[in-house]
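Everything on this sheet refers to the single structure shown next.
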Amino acid sequence: MFTRDLIEDLLSKSVEEHLNKKIEEIEKRDKEINAFITLNIEEAEKSSKEIQKKINEGNQGKLSGLVISIKDNLAVSNLRMTCGSKVLENYIAPYDATVTNLIKQEDGIIIGKCNMDEFACGSDGTSSYFGPTKNPRNIDYVPGGSSSGSAASVAADFSDLSIGSDTGGSIRCPASFCGVYGFKPSYGLVSRYGLSDMAMSLEGPGPFAKDTYGIALLLDVISGKDPRDTVTVENNKSYLKTVENFKDNDIKNMKIAYAKEFFEGVDEKIKNIVLDKIGMLESQGAKIEEVSLPNIKYSIPIYYLVVFSEFSSAMSKFDGFKYGHYAGGQDIVEAVSNTRETSMGTEVKRRVLLGTFITMEEFKGRWYTKALKARNAIKEDFKRIFNSYDLLIGPTMPTLPWKIGERISDPLAMYSSDILTVSANLAGICASSQPVGEVKGLPVGLQLHADSLSESKLLKGMRAVEIACEGM
Amino acid sequence: MQLHEDKYKDLNLKIGLEIHVQLKTDQKIFCECSSDYINSSPNNNICPICTSQPGSKPMGVNQKALENLLKIGLFLGCKAYEKPFYVQRKHYFYPDLPSNYQRTSQPILGNGVFMGVGIWEIHIEEDPGRYELREGKVDFNRSGVPLAEIVTAPDIKSPEYAREFLRDLLLSLEYLGVIRGESGSIRADVNISIMGGNRIEIKNVNSVKGIYKALKYEIVRQKAVLQRGGTITMETRHFDEASMITKTLRKKETVADYRYIPDPDLVPIYISPEMLNEIESVLPESPHNKKKRFMEEYSLGEEIVDSLISDLYLSDLFEESAKNSNPLEAGKWCATELKRRLNEKNLSVSTSKIKPKHISDMVGFIERGELSVKNAKWIIEDAVDTGEEIPVLMDKKNFYQISSEDTLIKIIEKIIEDNPKAVLDFKSGNQNALHFLFGKVVNETEGRAEPSKTIKLLKDKLCAVA
């Protein structure tokens, strides 16, 4: 296993050398790829020396000097936190997000803050104020979003692991497009404290890695109850053990469902690769059955109604008085309008306006309240499936990565690309994406879902697929 | 009975209040910052949460704040709602609001009555920071201090009763120990309507006096407008503390839309029956009930009782002392002389050295005729100041009253002998002579002669001499 071997290497060789290799790689290629908004070289070098010392004494943390990049909507104290926006261009976070804090405690080296779609509003990594991220697999193509820099930094070997955030696929989509592993934990498993808001009832931070082992390792570190996030729950943090103790026999006990709705409108080549993997799992003894999720067709409108409403509320604080560019005006309303007009990108403004509209007293009943009700119907759909099955399997994205600039002027086409990922967020369950093949050199991702807080089942499924793909 | 109700009867005056009080807690409602926003330099008492830094999340509602809110509600006779309640976001742009929305819960309790005024609902919310308009500065120390909002029915029929209601309410909340004592700890939105006009809301009045003045002003203004053929349309007004008048803030057409949504960052809160039972079991008696009980149980007059219950510790001290002395006397002394001395010295029952035993002992001495009322006033002062026991003070001051007839007769005989002219005057019918001679006896005994006995014996002696 790649990440496990890497840690063994680090323990016997040099953490500083390892870090230097990453820095070299970044210097060589990040001008082109644009995975980072802010680098943290000096601090990283300092902590590599400290961690080396700990390793020599044999008391290093679980991450033992692995190089980790963090999406720029998560707070790392004393580092700039831009959320990919002009609004926060000069904002220095005065505190650590809970995940940041846990990574530091376990001796991960924070190499920098990753590029992303502005305030996580995007599916392809091109809406950042700091320029688009490019797909390391082919720089003419989008890397997926919104955690574009996180996926790209792992794919390009700029970092060993990364932390992104997933509101409707923002981890799984770029993981799929860049050919790395991405994991969206169940809602409440990982603290959101320090994660800048997009849609608070849907999102949370999650790991990127090159393999299941790396995902489980980082999940052990960042999960658990946090008094600073009331939605979090206790867990026993034995994910790495689950992956390490995985036996081929585990596949035989798996009951896996696939829903026809998750294959509708999917690119034929992607469909075939995923179906091929399903066949491999079946041949190894997994029980595979087709199921139906009748309400899934409503997931895109429901998802965007919830996102717009919560996002417009969350964005209220960016009035120009406390952060970023202040454009001024005759009165407070005009000052806020001018400031937003000149410092927010098109997609962000679109979402703020739509969200404001649908939460107005006059329209709330027609849109927002109805969306919340429909969301429950989707939750019920999944509940029913997971009463009988361990996992739900399908593709992550309906299409291959598109060329940079191709969809920027068509928001509806952009929204529809989230069709396979958003329902996991609406239901609060866990889901993953992992590379299972290629089409014309562009990666294809396979998505697994498991019930809320059934991360161990999901990791077992990921490991099974990982093994099935070995020697591909 | 509503004070001054008749005065406004023809107006069909209706007043309802939305009262905000700061709940007493060590920490703010959603973070661990100290809630003491006054004794700290501006923007010193803050953290990423109460300044709503990007990415920060509220911690759960402060437990103590919630407990105090429940105490208030149960005390005012409200029922707690059983279903889980959401904290909502109320959106509006203002510089003192770090996230440009205020977190405010759905109603937690409701359907209460206090002093005949219906309590519609009570909920919890966060206080914003403080915005100095003139300097253009914001201090976030206050941001996140927990508030209770108490919404009354429009049952109040006069400004005077509004004032009395608020004073009693504040007194009760102080009794309960659930609110912060600082100035600015009460703020209210005042709703008022009179016959022929629409409801007017006066926003954010900062004191009981201000609320009273604002109501008085509004009645005069609205009456005048209606008398001259004008109309009172629904609007929100602002009360100017300096000039004591109200001004238009916004008309109904531009009513604010706060776009309430449940805060997705907070799990809904459920109040368990166990928690309610626990709080109910430690609730103290309301001042209203206490007043009724004192008047019935101790036969005390209303004025005395009002004075006693104005201070929880004073009323406790009284009850304790009444166990070992005549309650009528103990009540009178506690309500008048003791209270006067405490006020003079700027002390409270708890900060002075006065104990229940002082009062009961003192009343005992008076009733046995061993201490004069005049000297008793001195005794109280000393007891407040020094805390020394009453018998000790009696000895020290030589306050024991002379009530032995033999001793008094001896002194009277001496005075009669020394003042022959006065005796003659008495005989010729001059009543002043009796007072003169009585004064001589009092002086002779340094005020310790028991007055009624002395007068009687003096009269007897004078008549005998005649």
Mind grabbing the interface size between A and B? I mean buried accessible area, both sides, 1.4 Å probe, in Å² to the nearest hundred.
2800
Give me the percent of accessible area attributable to carbon and sulfur for the stretch B:6-280, probe 1.4 angstrom.
49
Selected from A:L293, B:V138, A:A175, residue furthest toward positive end of dipole (the protein assembly as shown; charges at beta carbon)
B:V138
Pick out, from B:N12, B:A162, B:T454, the residue whose Cα sits farthest towards the positive end of the charge dipole of the protein assembly as shown, with +1 on the Cβ of Lys and Arg and -1 on the Cβ of Asp and Glu.
B:N12
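Could you list, in their original order, any pairs among A:K13/A:K184; B:K28/B:K247; B:K357/B:K377; A:K225/A:K317 whose Cα atoms are separated by more than 25 Å?
Working: A:K13/A:K184 32 Å; B:K28/B:K247 33 Å; B:K357/B:K377 16 Å; A:K225/A:K317 27 Å.
Result: A:K13/A:K184; B:K28/B:K247; A:K225/A:K317 exceed 25 Å.
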On average, how many beta carbons from a partner chain sit within 10 Å of the beta carbon of a residue in B:41-49?
2
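To the nearest 20 debye, what is the magnitude of the charge dipole of the protein assembly as shown about its Cα centre, counting +1 on the Cβ of each Lys and Arg and -1 on the Cβ of each Asp and Glu?
Working: 120 positive and 133 negative charges, 368 e Å.
Charge dipole of the protein assembly as shown: 1760 debye, to the nearest 20.
Using Cα pairs closer than 8 Å and at least 6 residues apart in sequence, work out the relative contact order for chain A, in percent. Provide the component values of the computation, followed by the final result.
Working: 1110 pairs, mean separation 79.7, N = 472.
Relative contact order here is 17 percent.
Counting every Cα pair in chain B, what percent are over 44 Å apart?
Numbers: 37065 of 108345 pairs.
Beyond 44 Å sits 34 percent of the P(r) for chain B.
What order, most packed first, do the peptides B:401-407, B:143-149 have when packing is the mean number of other Cβ atoms within 10 Å of each residue? Could the numbers behind the result be given before it?
Values: B:401-407: 14.6, B:143-149: 26.3.
Most protected by this proxy first, the peptides run B:143-149, B:401-407.
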Mind scanning A:K104/A:K322; A:K260/A:K383; A:K21/A:K104; B:K157/B:K216 and naming the pairs with a C-alpha gap bigger than 22 Å?
A:K104/A:K322
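Counting only other chains, and only Cβ atoms inside 10 Å, what mean value do you get across the residues of A:192-203? Can you show the working numbers first?
Numbers: counts 5, 8, 6, 4, 4, 7, 0, 1, 5, 5, 1, 1.
Averaged over the peptide's residues, the number is 4.
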Going by Cα centres, the stretch A:195-210 and the stretch B:343-403 are how many Å apart?
72
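Within 10 Å of each candidate Cβ there may be at most 10 other Cβ atoms; applying that plus a DSSP loop requirement, which chymotrypsin sites (Phe, Trp or Tyr not before Pro) in the stretch B:382-466 survive?
Values: sites: B:F399, B:Y400, B:F426, B:F436, B:F438; in loops: B:F399, B:Y400.
Passing both the DSSP loop test and the Cβ count: no residue.
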May I have the convex hull volume per residue, in Å³, for the Cα set of the stretch A:139-187?
63
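How long are the semi-axes of the equivalent ellipsoid of the stretch B:6-280, taking √(5λ) for every eigenvalue λ of the Cα gyration tensor, in whole Å from largest down?
Values: eigenvalues 198, 104, 60 Å².
After diagonalising the Cα gyration tensor, the semi-axes are 31, 23, 17 Å.
For peptide A:227-233, how many partner chain Cβ atoms fall within 10 Å of a residue's Cβ, on average?
On the way: counts 3, 10, 7, 13, 5, 2, 0.
Per residue, the number of nearby Cβ atoms from other chains is 6 on average.
Suppose a student asked you for the relative contact order of chain B, using Cα pairs under 8 Å spaced at least 6 residues apart; what percent would you report?
13
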For each pair in A:K86/B:K57; A:K255/A:K457; A:K297/A:K403, compute the distance between the two Cα atoms and list the pairs where it is over 21 Å.
A:K86/B:K57; A:K297/A:K403
Could you give the size of the charge dipole of chain B about its Cα centre, using +1 on the Cβ of each K and R and -1 on the Cβ of each D and E, expressed in debye and rounded to the nearest 20?
1440
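When only C-alpha pairs under 8 Å and at least 6 residues apart count, what is the relative contact order of the stretch A:343-472, in percent? Could the numbers behind the result be given before it?
Working: 123 pairs, mean separation 30.3, N = 130.
Contact order relative to length: 23 percent.
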Grab the alpha carbons of the stretch B:135-190, take their convex hull, and tell me the volume per residue in Å³.
128
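How large is the direction-averaged shadow of the alpha-carbon convex hull of the stretch A:2-244, in nm²? Kindly include the intermediate steps, with their values, before the conclusion.
Working: hull surface 45.9 nm².
Value for the stretch A:2-244: 11.5 nm².
Sort A:294-304, A:366-376, B:342-352, A:309-319 by packing, meaning the average of other beta carbons within 10 Å per residue, with the highest value first.
Numbers: A:294-304: 18.9, A:366-376: 16.4, B:342-352: 13.8, A:309-319: 24.0.
Ranked from most to least packed, the peptides come out as A:309-319, A:294-304, A:366-376, B:342-352.
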Separation of the stretch B:69-130 and the stretch B:224-285 by C-alpha centroid, Å?
9
What percentage of all Cα-Cα pairs in the stretch B:38-125 are separated by more than 19 Å?
53
Any idea how many Lys pairs in the stretch B:405-465 come in under 13 angstrom at the alpha carbon, given 8 or more places apart or on separate chains?
6
Positive minus negative residues near B:K323 (Lys, Arg vs Asp, Glu; Cβ under 14 Å):
-4
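Hey, any idea what the orientation-averaged projected area of the convex hull of the protein assembly as shown's Cα atoms comes to, in nm²? Provide the component values of the computation, followed by the final result.
On the way: hull surface 210.1 nm².
Directional mean of the projected Cα hull area for the protein assembly as shown stands at 52.5 nm².
The values are calculated or read from the model by the stated rules, or taken from the named source; none is laboratory data. In this text, all values refer to a predicted model and were calculated from it rather than measured experimentally. Ideal geometry is used to build each Cβ from the backbone, glycine not excepted, and the neighbour counts take in all protein chains shown. When the accessible area is computed, the model is the full protein with side chains, heavy atoms only, and any ligands, DNA or RNA have been set aside. Shrake-Rupley method; radii C 1.70, N 1.55, O 1.52, S 1.80 Å.
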